[in-house]
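Beneath this line is the structure, given in structure tokens, with notes to follow.
The values are calculated or read from the model by the stated rules, or taken from the named source; none is laboratory data. Being a predicted model, the structure only gives us computed values, none of them experimental. All Cβ positions, glycine included, derive from the backbone under ideal geometry; neighbour counts span all protein chains shown.
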Amino acid sequence: MCHLAVEKALKGWYYEKRREFPPKSHSLVFLLNEIGIMPPEAHGRFIVRLSEASIHTRYPEDLAKVERDFTGEIVAGILAGGREVIAWIKTQL
């Protein structure tokens, strides 16, 4: 859900900037490129990491593996990173 929240924030930013509906894409990197903004390095790294994690968690072939790979500590980091990126996006509006 963190990916979805960041995606919707980026799509809102896209609309605010361009006054047109954003393209139908789940790619956070693509949306950033379409907006024409280079995020701070830490946010950019997080967005790439979140994009990569989303594929595995959205369509898990092995749910037990996903549960092992995404420990409480990792999930807490993803949630914190998502909050930071969304807060940064809000400051850009």
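So, in region 6-52, of the ones that are of a type in the set (Gly, Ala, Ser) and in contact with a helix residue (DSSP H, G or I) (Cβ under 6 Å, 6 or more places away or on another chain), which residue ends up farthest from residue 92 (Cα to Cα)? Across region 6-52, the extreme among qualifying residues is 51. Anything in region 1-42 that is more than 14 Å from the chain's Cα centre (by Cα), over 16 Å from residue 84 (Cβ atoms) and touching a residue at least 40 places away in the same chain (Cβ under 8 Å)? List them, or say none. Answer for region 1-42, where residues must be more than 14 Å from the chain's Cα centre (by Cα), over 16 Å from residue 84 (Cβ atoms) and touching a residue at least 40 places away in the same chain (Cβ under 8 Å): just 16. For region 70-93, a residue qualifies if it is touching a Gly at 6+ places or on another chain (Cβ under 9 Å) and surrounded by 14 or more Cβ atoms within 10 Å (Cβ to Cβ), and exactly one does: 89. The set of residues from region 6-49 being among the basic types (Lys, Arg) and at negative phi comprises 8, 11, 17, 18, 24, 45, 49.
For residue 3, the stated conditions hold: it is surrounded by 14 or more Cβ atoms within 10 Å (Cβ to Cβ), in contact with a Lys or Arg (Cβ under 9 Å, 6 or more places away or on another chain) and not β-branched (Val, Ile, Thr). How many residues are touching a Phe, Trp or Tyr at 6+ places or on another chain (Cβ under 8 Å) and exposed (fewer than 13 other Cβ atoms within 10 Å of the Cβ) if we restrict to region 32-51? Result for region 32-51: 1. For region 65-87, taking the residues that are part of a helix (DSSP H, G or I) and in contact (Cβ under 8 Å) with a residue 12 or more places away in the chain, the one that is farthest from the chain's Cα centre (by Cα) is identified as 69. The residue of region 56-91 that is nearest to residue 29 (Cα to Cα), among those that are at pLDDT below 95 and aromatic (Phe, Trp, Tyr), is 59.
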